[in-house]
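Here is the structure we will look at, set down as structure tokens.
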Amino acid sequence: MDYTIIIGLEVHVQLSTESKMFSACGTEFGLPPNTQTDPVSLGLPGTLPVMNGKAFELALKTALALHAEIAPFTKWDRKNYYYPDLPKNYQISQYDLPFSLGGWLDIPLQKDGSGGGRCGLTRVHLEEDTGKLTHGSGGFSEVDLNRAGIPLLEIVTEPDLRSSADARACLDELRLLLRYLGVSDCEMQEGSLRCDANVNLHIEDNGQTIATPIVEIKNLNSFRSVERALNYEVERQFTKWKVDGLTIKDAFKETRGWSDPEGITKPQRQKETAADYRYFPEPDLVPVVVDQPWIDRIRASIGELPSARRSRFEADYGLSPYDANVLVEQGQDVADYFDTVAKTTNAYKLASNWIQQDILRVAKERKLTLDKFPVRPETLADLVGRVDRSELNTNQGREVLGKLIETGEPLDTIIEAGGYKMVSNRDEIAAAVDAALAANPKAIEDLKDGKKKPDAVKGFLRGQVMKLTGGKADPALVGEILGTKLAEFVG
Ligand code: MN
């Protein structure tokens, strides 16, 4: 039996503002509980909200970058429910007239060439965050209202995703975009990006398509857990359907919580419907009118976005889509670094390889972003250029790079002191090849007897020649001369 997985995401993103959505209260993370509060965040009687203009502009910027349609007129609504982390007993949100509708996010291909494509968006709206409850200590629950009232952007996708890997890729790309826009730090551990996933199956059964009840998964606190929870839920729904045959018509949408240690989802509640929230227009806030000049001004503030940057890396530097993506998806610092390197060398592919392999490895080990990397991009460009012009061979180049990182000395000093220079003299290399052959008669015997494969023998002897030349020989020339000599033996 065959089924299609249908996934949609709901992402809440904390906007990087200094003050809260509807008051001047601060938003700094990590302060002692209930020290970032004010009468508005505490929901004290008689207080009135005032909209944070910066938050609205960050929201506009995001929606424009997501190709959404901006509403000329938008208002606020009260979403009513009682919970200890919500002192007003309602959340100010947007219901029927959100500031933006539609839009899409283009997801790049995965490393294995699968996935990719466009994920439609249903809406993006603005709201305020709730406080945080900590259950546990001595049977008590504690309420921290530092987070209450922090601006949140809710991004709802269409059910366009078809696998857990798609969902993961969508989140990766969304986070990258939000960081490029500078609207959020998207730190999942700090709760500034939170994600719920809606999932069900379309099962092909006797020429009919049957949809299983939709489940919303909560408590997803890492991208990895999003993938795991979706995989689990797909299996669970299929198995359950085989047993009880219940479809979307027989059951309400269910909310389930992901338990990461157990690797399962557990039922939480039947999902509230909009009617349960008794939405009504927020009487304490004026609607927002967004005119074209405002939209134009915000649009002009959007810099180059990840997808445009990938295309430019492919078009201007001839990088493969794979390489362009690796450089871009690592973050702005990496793409900026490559951009600077590419300004001073034309060896783009080589530069891209070295950044991906050597520079990023060291940066990761030392937990450095590339704007703080000890080898500046201009120096890497200089070094890569020398390798590209065959002044140094690849191994020498790598050694020099290692020394640049360790010592911080100037490139010329390291090259001179280490005597790094590639030997490309044909006679000199031919002599080394002859010497290597003379010193290794056993290898030649094995080749003649067919005991060892020609490639293996050639590889071994190449290593010997490189040793004899102190690692300085031009590897291509060694391969050529060695190949010609060996061909004589196998006739
Ligand atoms: Mn929400």
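Only one residue in Val341, Val384, Val334, Val400 is in a helix (DSSP H, G or I), surrounded by fewer than 21 Cβ atoms within 10 Å (Cβ to Cβ) and either in contact with a strand residue (DSSP E or B) (Cβ under 8 Å, 6 or more places away or on another chain) or β-branched (Val, Ile, Thr) (or both), so which one is that?
Going through Val341, Val384, Val334, Val400 in turn, the sole match is Val400.
Starting from the range 339-366, take each residue that is free of Cβ contacts under 8 Å to residues at least 40 places away in the same chain and list its partners that are surrounded by fewer than 17 Cβ atoms within 10 Å (Cβ to Cβ) and of a type outside the set (Val, Ile, Thr), counting only C-beta distances under 8 angstrom and pairs at least six apart or across chains.
Note: pairs meeting the criteria are Ala342/Asp316; Tyr348/Gly318; Lys349/Gly318.
In the range 164-213, which residue that is in contact (Cβ under 8 Å) with a residue 12 or more places away in the chain and β-branched (Val, Ile, Thr) is surrounded by the fewest Cβ atoms within 10 Å (Cβ to Cβ)?
So the residue we want is Ile210.
Output the qualifying pairs, or none if there are none: Cβ atoms under 6 angstrom, residues six or more apart or on different chains, first residue in the range 439-464 and within 20 Å of Ile429 (Cα to Cα) and of a type in the set (S, T, N, Q), second residue at pLDDT 90 or above and in a helix (DSSP H, G or I).
Gln464/Ala436
Give just the number: which of (1) of a type in the set (D, E, K, R); (2) surrounded by 15 or more Cβ atoms within 10 Å (Cβ to Cβ); (3) under 29 Å from Glu365 (Cβ atoms) does Lys452 not satisfy?
Only one criterion in (1) of a type in the set (D, E, K, R); (2) surrounded by 15 or more Cβ atoms within 10 Å (Cβ to Cβ); (3) under 29 Å from Glu365 (Cβ atoms) is unmet by Lys452, namely (3).
Take the residues in the range 1-20 that are in a strand (DSSP E or B) and more than 16 Å from the ligand (Cβ to nearest atom), then tell me which one is farthest from the chain's Cα centre (by Cα).
Here the residue is Asp2.
Could you figure out which of (1) assigned to a loop (DSSP other than H, G, I, E, B); (2) away from the ligand (no atom under 16 Å from the Cβ) isn't true of Tyr180?
All conditions pass for Tyr180, except number (1).
Give Glu406, Glu399, Glu428, Glu378 a once-over and let me know the one that is at pLDDT 90 or above and out of contact with any helix residue (DSSP H, G or I) (no Cβ under 9 Å at 6 or more places or on another chain).
Glu406 is the lone residue from the list that is at pLDDT 90 or above and out of contact with any helix residue (DSSP H, G or I) (no Cβ under 9 Å at 6 or more places or on another chain).
Out of (1) in contact with a Ser or Thr (Cβ under 6 Å, 6 or more places away or on another chain); (2) within 30 Å of Glu235 (Cα to Cα), what's the single condition that is false for Ile6?
Condition not satisfied by Ile6: (1).
Just to be sure before I move on: is Leu220 closer than 30 Å to Asn325 by Cβ and at pLDDT below 95 in the structure I sent?
Yes: the conditions hold for Leu220.
Here's a check for you: in the range 236-290, which residue that is in a loop (DSSP other than H, G, I, E, B) and among the β-branched types (Val, Ile, Thr) is surrounded by the most Cβ atoms within 10 Å (Cβ to Cβ)?
Within the range 236-290, the match that is surrounded by the most Cβ atoms within 10 Å (Cβ to Cβ) is Val290.
Any chance the range 175-185 includes a residue that's modelled with pLDDT under 95 and within 30 Å of Tyr83 (Cβ to Cβ)?
Yes, the range 175-185 contains a residue that is modelled with pLDDT under 95 and within 30 Å of Tyr83 (Cβ to Cβ).
Quick check on my filter: what residues within the range 183-203 are within 16 Å of the ligand (Cβ to nearest atom) and more than 19 Å from the chain's Cα centre (by Cα)?
Matches in the range 183-203: Asn198 only.
Of all strands (runs of 3 or more DSSP E) completely enclosed by the range 74-164, which ones contain at least 1 residues that are touching a Gly at 6+ places or on another chain (Cβ under 9 Å) and within 13 Å of the ligand (Cβ to nearest atom)?
Output list reads 90-93, 117-128, 151-157.
On the given criteria, is Leu58 more than 29 Å from Glu142 (Cβ to Cβ), touching a Lys or Arg at 6+ places or on another chain (Cβ under 7 Å) and touching a residue at least 24 places away in the same chain (Cβ under 8 Å)?
Against the criterion (more than 29 Å from Glu142 (Cβ to Cβ), touching a Lys or Arg at 6+ places or on another chain (Cβ under 7 Å) and touching a residue at least 24 places away in the same chain (Cβ under 8 Å)), Leu58 does not qualify.
Using the structure shown, decide if Glu216 is assigned to a strand (DSSP E or B), surrounded by 14 or more Cβ atoms within 10 Å (Cβ to Cβ) and out of contact with any His (no Cβ under 9 Å at 6 or more places or on another chain).
Spelling it out, Glu216 is indeed assigned to a strand (DSSP E or B), surrounded by 14 or more Cβ atoms within 10 Å (Cβ to Cβ) and out of contact with any His (no Cβ under 9 Å at 6 or more places or on another chain).
Write out, first by first residue and then by second, each pair whose Cβ atoms fall under 6 Å of each other, whose residues are 6+ apart or on separate chains, and whose first residue, in the range 379-399, is more than 12 Å from Asp412 (Cα to Cα) while the second is buried (at least 18 other Cβ atoms within 10 Å of the Cβ) and among the polar types (S, T, N, Q).
Once the first residue is more than 12 Å from Asp412 (Cα to Cα) and sits in the range 379-399, its partners that are buried (at least 18 other Cβ atoms within 10 Å of the Cβ) and among the polar types (S, T, N, Q) give Ala381/Thr345; Val384/Thr345; Gly385/Thr345.
What are the pairs with Cβ atoms under 8 angstrom where one residue, in the range 81-96, is touching a residue at least 12 places away in the same chain (Cβ under 8 Å) and over 20 Å from Pro151 (Cβ atoms) and the other, located anywhere, is more than 11 Å from the ligand (Cβ to nearest atom) and among the acidic types (Asp, Glu)? Sequence gap at least six, or different chains.
Cβ pairs passing all conditions: Asp96/Asp77.
Does Val226 fit the bill of being in contact with a helix residue (DSSP H, G or I) (Cβ under 7 Å, 6 or more places away or on another chain), away from the ligand (no atom under 16 Å from the Cβ) and either within 19 Å of Gln94 (Cβ to Cβ) or at pLDDT below 95 (or both)?
No: the conditions fail for Val226.
For the range 457-467, how many residues meet the condition of being surrounded by fewer than 16 Cβ atoms within 10 Å (Cβ to Cβ) and either at pLDDT below 90 or among the hydroxyl-bearing types (Ser, Thr, Tyr) (or both)?
1
Can you find a residue in the range 425-432 that is under 49 Å from the mean Cα position of the chain (by Cα) and part of a loop (DSSP other than H, G, I, E, B)?
yes
Out of the residues in the range 305-331 meeting the condition of being assigned to a helix (DSSP H, G or I) and polar (S, T, N, Q), tell me which one is surrounded by the most Cβ atoms within 10 Å (Cβ to Cβ).
Per the criteria, the residue is Asn325.
Can you find, within the range 21-55, the residue that is farthest from Glu233 (Cα to Cα) among those that are of a type outside the set (Gly, Ala, Ser) and within 16 Å of the ligand (Cβ to nearest atom)?
Out of the qualifying residues, it is Phe22.
The values are calculated or read from the model by the stated rules, or taken from the named source; none is laboratory data. What you see is a predicted model; the values in this text were computed from it and never measured. A quick note on method: Cβ atoms are made from the backbone with ideal geometry, for glycine too, and the neighbour counts reach across all protein chains shown.
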